Amino acid sequence: MLNVVEEAPLLLPGFVNCAVNVVTIKYVVMSFPNKAERQKCWDSRDRYWECLDINKDENEHCLKLRQLYESSCSSQWVKHFDRKRNYLKFKDRIEKEGYEPLSK
């Protein structure tokens, strides 16, 4: 992954109205979580989801578990798991309550 850190014009002596852009690029090295880190993430996610289930999705009762969940998992994983939970809840609701087809 590349991040552009700085872009600045470089003025060249002897050239009138001529500038060259110099770009500083920072490489971001991504590390992959090991087995213990993955397990810690999954456990904190499961505890947070269990709290939400018990408290009928009232997040204020589960703030500390949410913080632990976010600190144990990468932001990409948190985003993925949050979307997955929303999808699973939607799917469960459709299976229980059915759905109304769109009228033509």
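In terms of its C-alpha gyration tensor, segment 35-95 comes out oblate, because a/c is 1.5 or above while a/b does not outweigh b/c. Spin-label pair E58-E100: with each label point 7 Å from Cα along the Cα-Cβ axis, the two points sit 3.0 nm from one another.
Counting charges near R47 (Lys, Arg +1; Asp, Glu -1) among other residues having Cβ under 12 Å from its Cβ returns a value of 0. Taking 0.36 nm per residue of separation and subtracting the Cα-Cα distance, full extension of the segment from R93 to W42 would add 16.0 nm.
Readers should treat all values here as calculations from the given coordinates under stated rules, not as data from a laboratory. Being a predicted model, the structure only gives us computed values, none of them experimental. So basically every Cβ, Gly included, is an ideal-geometry build from the backbone, and we count neighbours across all protein chains shown.
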